[in-house]
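Here the structure comes first, spelled out in structure tokens, and everything after it is commentary.
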Amino acid sequence: MGQRTTMTDTATVSHSFQAEVSELLHLMVHSVYSETDIFLRELISNASDACDKLRYEAIARPDLIGEGEPPQIRIIPNKAAGTLTIADSGIGMERQELIDHLGTIARSGTKAFVQKLAEAKDGTGLIGQFGVGFYSAFMVADRIVVISRRAGGSEVWTWTSSGGAGFEVAPASDEDAKRVARGTEIVLHLKDDARKYLEAYEIERIVTAYSDNIQFPIMLVPEEGEPRQINSASALWQRSKSELTSEDYSKAYKSIAHAFDEPAMTLHYRAEGRYSYAVLLFAPSTKPFDLFEPARKGKVKLYVRRVFITDDADLMPAYLRFIRGVIDSEDLPLNLSREMLQNNPQLAQIRKAVTTRVISELEQLADKDAENFDKIWDSFGAVIKEGLYEDFERRDKLLALSRFTTTSGERRSLKQYVEGLKENQTEIYFLVGDSIERLKSNPRLEAAKARGVEVLLLTDPVDAFWTSARLEFDGKPLKSLSQGDINFDPIPVTEPTPADEAQPAADEADTIALIKASLGDHVTDVKVSTRLTTSASCLVAGSHGPDRELERILSQQARGARTKPILEINLRHPLVVAVAKAAADKAKVDDLSFLLLEQAQILDGELPEDPAAFAARLNRLVLHGVAGP
């Protein structure tokens, strides 16, 4: 954002939008959305936030409200002027706040959002997942005027834009300043095709659908007749479950979470005892854009006796940051400082109890409503698995809750895995990589396949971390197929023996000695593999230290060197047998040994250390085969 002209504070000053805002406005103006109703929901939500902030600041400074009207929201249609006004008597904005809040989007994922929005044929659901609601007004308005007075302030400012390159900020006229005693007034000059939003029944329909549970009165001020309240303005979470319907919960979810989807799980209860608090939480059914932002912040709002305090109280652990909703305490002090939020023992107890309840609810959902649980897992499973690494206390429950793609199917639980253990199988096997397709063709699976042993195929980045914790389920340790020694011998073979095993194996000691001599310090060791039945070689990590995939991720982040792998070989494979037969030809042994290493790297999705040398080596071996011995 840059300032185009420099004038005094008493004159109109023009500013340009932040680049992302300009791009976003272009998309809005050119109607990416087929459903434009959301603009009103977004502006009402912003007005509610302003009222919440006023009520919170007034705890310490009651004079901010004083004898003035209590916080409320007014919607004023004017057919003659073609304007729709959304006004609130909330906290209001000073001049710099108008510039900052309405000229920039301070979100790290903005560029990604704008890109997805541009690609979408119908972006109706995207704005609710991202929360850039004010700018949605440009879908229906070709000019917007914002007039605002900060609570307790004397100055009133006007922000004006037609959705082009920028906006103007100027002192408000005497008439506007007199009308706006506190808060913000947004005047939309509607486009011709949006004049339906001047009809009272249209406004009421949208408010009923999206904003009925806003905590402040929403007053419709018609051109004729008396103003009337058009929302219930009740703290739904304080009402009894028996009074509420699934439709009530759906509306509350969409209002509280700024969402468009339906909740996959709803949790509503009141805790009584040492601490009293009401809980209304939802698990979405679709993934929001900011799910993997580095801050990993939660979105559960903290209220104290129906007064909004903050949405930054970390009421859920980071691995449950997808949960949306409200926790309303009866016991916490209203004047909570940031330091008190971080160290308050009551909040710590509430956080612990609610986290336990959410996980319990997810367990029940998994048992009783697999369809909705699958929606949650498909969208947030990668996030929930962060808890396997971070939450030692609940690790067993989270492991039982987890679902996996395996060699036997999708969304498999470890309970199902254990029920299908093969004779003499004592471990749960897994393989970590970057794609299901590549894992399914990984040579490390061969011995497991030959015995019908199920293997977990893990492809989320977090999988490389939680599997390093050495977990077990039902007394069975989880074991990586790419780390340490594996012994499948006690498990009976169920598939026919590959033809390759019918031919004589190469001599173990001599072959390993030859390959070690060729590869030198390119590998840590060379061993005979119990994992392979048809492939020639594979790479594994040692029993101690990180698994192969975790080491790959860590080395990419730190740009550091990786430890050298262990090369495992299949003594019955013709390529390995050829090494033993070529013992007298040092150059050929070197070529074959490096080919064993480099093809194993390629099957792991890696490039050979020296691609040019690999190509030359492969050409020599091919030409030698074509020409004959």
What number of residues within the stretch 504-529 satisfy the criterion of being open to solvent by less than 60 Å² (accessible area, probe 1.4 Å) and within 48 Å of the chain's Cα centre (by Cα)? 11
Looking at the stretch 218-229, which of its residues are closer than 23 Å to T245 by Cβ and touching a residue at least 40 places away in the same chain (Cβ under 8 Å)? I218
When you scan the stretch 2-14, do you find a residue that is modelled with pLDDT under 85, assigned to a helix (DSSP H, G or I) and open to solvent by less than 50 Å² (accessible area, probe 1.4 Å), even just one? no
I350 vs. criteria closer than 22 Å to P288 by Cβ and in contact (Cβ under 8 Å) with a residue 12 or more places away in the chain: no
Of all helices (runs of 4 or more DSSP H) fully inside the stretch 31-134, the set with 3 or more residues that are closer than 19 Å to A151 by Cβ and at pLDDT below 85 is 95-103
Conditions (1) in contact with a Ser or Thr (Cβ under 6 Å, 6 or more places away or on another chain); (2) assigned to a loop (DSSP other than H, G, I, E, B); number of the one not met by T534: (1)
Give me the residue from the stretch 296-320 that is at pLDDT 85 or above and of a type in the set (S, T, Y) and, out of that set, nearest to K53 (Cα to Cα). Y303
If I filter the stretch 75-89 down to residues being over 14 Å from N46 (Cβ atoms) and not hydroxyl-bearing (S, T, Y), which single residue comes out as surrounded by the fewest Cβ atoms within 10 Å (Cβ to Cβ)? A80
For the stretch 576-615, enumerate the residues that are touching a Leu at 6+ places or on another chain (Cβ under 7 Å), within 18 Å of N442 (Cβ to Cβ) and hydrophobic (A, V, I, L, M, F, W, C). L596, L597, A600
Please go through (1) of a type in the set (V, I, T); (2) closer than 19 Å to P443 by Cα; (3) under 38 Å from the mean Cα position of the chain (by Cα) for T534 and return the number of the only condition it doesn't satisfy. (3)
Matching option when the condition is within 27 Å of the chain's Cα centre (by Cα) and either surrounded by fewer than 16 Cβ atoms within 10 Å (Cβ to Cβ) or not hydrophobic (A, V, I, L, M, F, W, C) (or both), among S413, S408, S441: S413
Qualifying residue in the stretch 448-462 (condition: in contact with an Asp or Glu (Cβ under 7 Å, 6 or more places away or on another chain), surrounded by 14 or more Cβ atoms within 10 Å (Cβ to Cβ), closer than 30 Å to A584 by Cβ and not small (G, A, S)): no
So which residues in the stretch 593-612 are open to solvent by 30 Å² or more (accessible area, probe 1.4 Å) and over 41 Å from the mean Cα position of the chain (by Cα)? F594
I'd like the residue in the stretch 548-579 that is assigned to a loop (DSSP other than H, G, I, E, B) and either at pLDDT 80 or above or more than 38 Å from the chain's Cα centre (by Cα) (or both) and, out of all such residues, is surrounded by the fewest Cβ atoms within 10 Å (Cβ to Cβ). T563
Mind listing whichever residues of the stretch 473-496 are touching a residue at least 12 places away in the same chain (Cβ under 8 Å) and farther than 22 Å from C538 by Cβ? F473, D474, K476, P492
On the given criteria, is N343 exposed (fewer than 13 other Cβ atoms within 10 Å of the Cβ) and in contact (Cβ under 8 Å) with a residue 12 or more places away in the chain? no
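The values are calculated or read from the model by the stated rules, or taken from the named source; none is laboratory data. Since the structure is predicted, the reported quantities are computational estimates derived from the model, not experimental observations. As a convention, Cβ positions derive from the backbone with ideal geometry for all residues, glycine included, and neighbour counts pool all protein chains shown. Each accessible area value is taken on the protein alone, full model and side chains, heavy atoms only, with ligands, DNA and RNA left out. Shrake-Rupley method; radii C 1.70, N 1.55, O 1.52, S 1.80 Å.
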